[in-house]
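Undergrad: Take this structure first; my questions come after.
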């Protein structure tokens with residue numbers, strides 16, 4: 001009777017230890033895979049404030065992968081959008097982009113609209129919208145959207161996304 005209990009306890013302990021080592025190996029593999037899939041940020045991306053992944057399709061062939069703020073001096077900032085590598089100038093230039101930023105310290109929301117053009121920086125495709133801001137360094141939220149450049153009244157908002165809690169200090 002004592003031998004069977006010892007035998008069962010030994011098997012249970014062996015199974016428990018082998019499961020733990022297998023979990024450790026799987027966790028190590030997952031960590032290695034996740035670091036391999038995400039390339040390190042470029043020097044330009046490292047200079048951006050509040051850089052974050054977005055992964056939103058505005059329309060077919062027009063995907064924003066990341067968003068960040070570029071601060072050039074005390075009052076000039078850039079809203080920086082890293083595009084998917086498949087984005088073409090023809091696709092991007094067929095649309096205008098609107099940005100509406102909200103902050104309770106501003107009397108009214110910041111509204112801006114511009115005709116985006118692809119800028120290639122360190123081999124990556126970006127759209128950058130620059131704006132002079134003097135009185136804030138934080139947005140509660142930023143609403144980004146596109147509409148047809150040549151028929152903006154008829155198209156309305158075609159695609160967009162909202163980003164919350166943006167600090168650019």
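Undergrad: Please give the length that would be gained between residue 111 and residue 91 if that part of the chain were fully extended, namely 0.36 nm times their separation in residues minus their C-alpha to C-alpha distance (nm, one decimal).
TA: 4.9 nm
Undergrad: Report the label-to-label distance for residue 102 and residue 141 in nanometres (one decimal), using points 7 Å from each Cα along the Cα→Cβ vector.
TA: Each label point is offset 7 Å from its Cα along the Cβ direction, giving 0.4 nm.
Undergrad: I've got another one for you. In which sequence would 100, 52 go, from the one with the fewest C-beta neighbours within 10 Å to the one with the most?
TA: Sorted ascending by nearby Cβ count, the order is 52, 100.
None of the figures in this text is laboratory data; all of them are computed from the coordinates on show. Because the structure is a prediction, the values reported are computed rather than measured. In this analysis, Cβ positions are derived from the backbone assuming ideal geometry, glycine residues included, and neighbour counts consider all displayed protein chains.
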